[in-house]
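Quick notes on the structure that follows.
The values are calculated or read from the model by the stated rules, or taken from the named source; none is laboratory data. Since the model is a prediction, treat every value here as computed from it, not as a measurement. Because the Cβ atoms are built from the backbone with ideal geometry, glycine has one as well, and the counts that use them run over all protein chains shown. Ligands, DNA and RNA are stripped out before the accessible areas are found, and what is left, the full protein with its side chains, is counted by its heavy atoms. Shrake-Rupley method; radii C 1.70, N 1.55, O 1.52, S 1.80 Å.
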Amino acid sequence: MKKFIYLISPNKINNNFYNSLKKVLSSKKVQYFQLRIKNQKKKKIIQISKKIIKITKFYNVKFIINDNHNLVKEIDADGCHLGQSDGNILKIRKRIKNKVIGVTCHNSKRLAKKAKAIGASYVAFGSFYKSKLKPNAKKANTKILSWAKKKINLPIVAIGGINNKNYKNLIKQGANYIALSSFIWDNPKLKPDKAIKVFI
């Protein structure tokens, strides 16, 4: 089965989360898991990461930490995801060697070309739809996906408000991975293990 989901954590991690994560990853549809928690102390992030990494390793899923490239080596993550203001990729690349570095490129061809030139492992575009996770995110047009597929030659992640009704179009346009968060963790109708099953 092809892994085509880039799973992003909920912002708050409770004790039930780890069990839910095991069930979701057992679907074998997830390639990357990104830990994205804001306003937490470093010690707490390390503590949570160490628990999650045991699970992601077991299911052969890459563990990506959001923003905190300084923690990649400390927690033995597979890599980090960087926004446009999260530091100099070239310097970060030297520090974390051949680990994964993903870069947010919004809806910009210029940022995608730059990311490729300085050694990004994948590029992320979005937000394609209204997102609960980032309500004020810049909007992206699906045409950027087909452009990137032809010109960038790196894995492409589509982000923002993706659900079971709109994901197929993003893959058709050129996305290799769809980023999911709210639909999986905050779904009013489906538990996480059932929510992941609707993506085929």
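Structure notes:
- The sole residue among Ser27, Ser108 that is of a type in the set (S, T, N, Q), open to solvent by less than 80 Å² (accessible area, probe 1.4 Å) and farther than 26 Å from Ala148 by Cβ is Ser27.
- One residue from Ala117, Ala158, Ala137 being over 20 Å from Asn66 (Cα atoms) and small (Gly, Ala, Ser): Ala117
- Which numbered condition Lys51 fails, given (1) under 25 Å from Trp185 (Cα atoms); (2) in contact with a Leu (Cβ under 7 Å, 6 or more places away or on another chain); (3) in a helix (DSSP H, G or I): (2)
- Lone unmet requirement of (1) open to solvent by 30 Å² or more (accessible area, probe 1.4 Å); (2) assigned to a helix (DSSP H, G or I) for Asn39: (2)
- Only one of the numbered conditions (1) open to solvent by less than 10 Å² (accessible area, probe 1.4 Å); (2) assigned to a helix (DSSP H, G or I); (3) of a type in the set (A, V, I, L, M); (4) closer than 22 Å to Val103 by Cα is not met by Ile196, and that is (4).
- Residue match in the stretch 90-105 (condition: out of contact with any His (no Cβ under 8 Å at 6 or more places or on another chain), under 20 Å from Lys191 (Cα atoms) and surrounded by 17 or more Cβ atoms within 10 Å (Cβ to Cβ)): no
- Every condition in (1) open to solvent by less than 40 Å² (accessible area, probe 1.4 Å); (2) under 18 Å from the mean Cα position of the chain (by Cα); (3) touching a residue at least 40 places away in the same chain (Cβ under 8 Å) is met by Ile152 except one, and the failing one is (2).
- Tyr59 within 24 Å of Tyr167 (Cβ to Cβ), buried (at least 20 other Cβ atoms within 10 Å of the Cβ), of a type outside the set (Gly, Ala, Ser) and touching a residue at least 12 places away in the same chain (Cβ under 8 Å): no
- Test: residue in the stretch 164-181 that is charged (D, E, K, R) and either in contact with a Phe, Trp or Tyr (Cβ under 8 Å, 6 or more places away or on another chain) or assigned to a loop (DSSP other than H, G, I, E, B) (or both): yes
- Taking the stretch 1-20 as the range and being open to solvent by less than 100 Å² (accessible area, probe 1.4 Å) and within 23 Å of Ile101 (Cα to Cα) as the test, the residues that pass are Lys3, Phe4, Ile5, Tyr6, Leu7, Ile8, Ser9, Pro10, Asn11.
- Residues satisfying the stated conditions in the stretch 164-198, i.e. within 17 Å of the chain's Cα centre (by Cα) and of a type in the set (Asp, Glu): Asp186
- Set Asn141, Asn136: member being more than 22 Å from Phe17 (Cβ to Cβ), open to solvent by 60 Å² or more (accessible area, probe 1.4 Å), at pLDDT below 95 and assigned to a loop (DSSP other than H, G, I, E, B): Asn136
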